[in-house]
1. Hey, any hits in the range B:243-250 for a residue that's among the polar types (S, T, N, Q), within 25 Å of B:Met117 (Cα to Cα) and in a helix (DSSP H, G or I)?
2. Picking from B:Val34, B:Val102, which residue would you name as being under 29 Å from A:Asn176 (Cβ atoms), crowded, with 24+ Cβ neighbours inside 10 Å and in contact with a helix residue (DSSP H, G or I) (Cβ under 7 Å, 6 or more places away or on another chain)?
3. If you scan the range A:187-203, which residues turn out to be crowded, with 21+ Cβ neighbours inside 10 Å and free of Cβ contacts under 8 Å to residues at least 60 places away in the same chain?
4. Checking the conditions here, which among A:Leu170, A:Leu146 is of a type outside the set (Asp, Glu) and modelled with pLDDT of 90 or more?
5. Only one of B:Phe177, B:Phe162, B:Phe103 is farther than 30 Å from A:Leu32 by Cα, more than 12 Å from the chain's Cα centre (by Cα) and assigned to a helix (DSSP H, G or I). Can you tell me which?
6. Could you name every one of the helices (runs of 4 or more DSSP H) located completely within the range B:4-86 that has at least 2 residues being within 9 Å of chain A (Cβ to nearest Cβ) and not acidic (Asp, Glu)?
7. Does the range B:165-182 hold any residues that are modelled with pLDDT under 85 and at the interface with chain A (Cβ under 8 Å from one of its Cβ atoms), and which are they?
8. Taking the range B:105-123, which residues are surrounded by 24 or more Cβ atoms within 10 Å (Cβ to Cβ) and farther than 16 Å from B:Ile11 by Cα?
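The values are calculated or read from the model by the stated rules, or taken from the named source; none is laboratory data. Just so it is clear, the structure is predicted and the values come from calculations on it, not from any experiment. In this analysis, Cβ positions are derived from the backbone assuming ideal geometry, glycine residues included, and neighbour counts consider all displayed protein chains.
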Amino acid sequence: MRSLALNVRLFFQGALLSYVALFRWLRPATYLASKVLMPLSQILFFSFLGMYATGQANASFYVIGNAIQLAAVSGIFGVTMSIGGDRWEGTLPYLFGTPANRMAMFVGRAFFHVLDGMVGVVLALMWGVLLLGLDLSHANPAALGLTILVATFSTSGMGLLLGCLSLITLNVMFINNTVYFSLLVFSGANLPLSTLPSWMQTVSQALPLTRTIAAARQIIAGASLAEVAPLLRAEVLIGVVYILLGYFLFRWFERQAKRRGTLDIF
Amino acid sequence: MIKLSVYARAILASAEMSFRETMTDGFVVFGIFVQPLIIAILGLWMLRDRGGDYAIFVVVGSGLTGLWSSLLFISGNSITHERWTGTLETLVGVPTPLGVIVFGKNLANVLQSMGSMAVSYLLASLLFGYPLTVAEPLLFGISLILTVIAFVSFGLVIAPIFVMNPDVQRWQNGLEFPVYILAGFLFPIALLPGWTTPISYLLAPYWAAQALHLTSSGGGTQTQILVSWGMLLFFSMIYIFVSRVLFRVMLRKARIEATLGLE
């Protein structure tokens, strides 16, 4: 019981500290640029491009796709920087020197980014309503909220895996950016998946966001939670798989680094 | 005359150094090759129903996205980067003006960013099989040269602004897509609300996009092309004038406050 309480405390303290540490150096201006202006302009760019390609009637397809895809801003960039931050700031040896539960420590790094990502997606949808005429009147708010939560959860799972790469490579921003932009193609945010070649459709099925973007489009068109539940369940499973892969990589890195004495050597 | 040749040598040396340094940087490789490539794939796919003629528009537009992103993130940080590596004091101390050295760095950056267009061209041509032809090759070449001059000059303005105003630099992440939109890289600005049009006219990237699209896709009148060229030259001159003032203010401020190497 005492061990559980300690792990819960570790989870929340680690989550809060890593999040505060990240945005202490980023400062509000950077936060606003990354979480308000960038998402808004990304939605506008791809929505206008989409409307130019297929007509204004399809605006909601692009607005919803890109709004949900923005979960990856927190999920991928935020989580990766929280994990990699320990190495860049030199706190990794101290963390690996403690007997703390690694799973609580590792998954805690993503906790606030899941919440932060949800705020980002809601803001993005609001931009869609205000500027591009997105109609949410048929949407079930609870189902949409759950879909957003699942989207941020699964992208954070991927972020945890990518964050581990920041412990073994210096070029993690290259990987992060490539994955983030690839999601714009593979997740169906901007292209109907049925128009993609079969190999790309197969890749899409293994990625986060593919199912939550499809679910969000259905919910906003009036579908019930029960109708999209299979999509959400599958996406949760994908998120869990990414978290477990990340966790095993994290533990492997810890063992290798301790064995070779390369904990904070780049 | 001797001074000019010394400056030219400094520009070339600085450009070569910058080129060697940045081409191994994953972030630069992403900005110049990967991101424009993904935008080109999206553009070609999304606009495929508009027919093969549209491919050259996407190639040029996605190339311009790479040019702008690298200008914003690499040229914008050209002075700050020297600060991080501890070489800024040395560069300021040498007899060659800092602006000349930064000009060389920006030149290398803008020229290597042209790789964005080449990559998009190869993608559209080899992977998508579009027959790509530039409608007015000579005029396109001239447009490209004027674009390079305008972008290099623009880089000379934003670098000292970012150094003197860290708060402005913090908006860097948010300035990428707005220019893609307002400059009409991949869709006409006529789609945007009318009040944004004057903002577009104040951006050199808009005139670069106009000149390059009109000469590559065809369909533009001679007057339209000449106006775009004129605006590119006009903005280049303004940027160079403004950058001279900004460099002077920046160095004076840094010397008075003794903050040259400090952020």
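1. Initial filter on the range B:243-250 (among the polar types (S, T, N, Q)): B:243.
After this cut, where a residue has to be within 25 Å of B:Met117 (Cα to Cα) as well, the list is none.
Taking every residue of the range B:243-250 in turn, none turns out to be among the polar types (S, T, N, Q), within 25 Å of B:Met117 (Cα to Cα) and in a helix (DSSP H, G or I).
2. Working: B:Val34 fails: crowded, with 24+ Cβ neighbours inside 10 Å.
Testing whether each residue is under 29 Å from A:Asn176 (Cβ atoms), crowded, with 24+ Cβ neighbours inside 10 Å and in contact with a helix residue (DSSP H, G or I) (Cβ under 7 Å, 6 or more places away or on another chain) leaves just B:Val102.
3. So in the range A:187-203, the residues crowded, with 21+ Cβ neighbours inside 10 Å come out as A:187-191.
The answer is A:Leu191, and nothing else.
4. Working: A:Leu170 fails: modelled with pLDDT of 90 or more.
Only one candidate passes the filter, namely A:Leu146.
5. Values: B:Phe177 fails: farther than 30 Å from A:Leu32 by Cα; B:Phe162 fails: farther than 30 Å from A:Leu32 by Cα.
After ruling out the rest, the residue left standing is B:Phe103.
6. Working: elements: B:26-29, B:35-46, B:54-70, B:78-85.
It comes to B:26-29, B:35-46.
7. Start the filter on the range B:165-182 by keeping residues that are modelled with pLDDT under 85, which leaves B:165-174.
B:Asp167, B:Arg170, B:Trp171, B:Gln172, B:Asn173, B:Gly174, listed by residue number.
8. Matches in the range B:105-123: B:Ser113, B:Ser116, B:Ser120.
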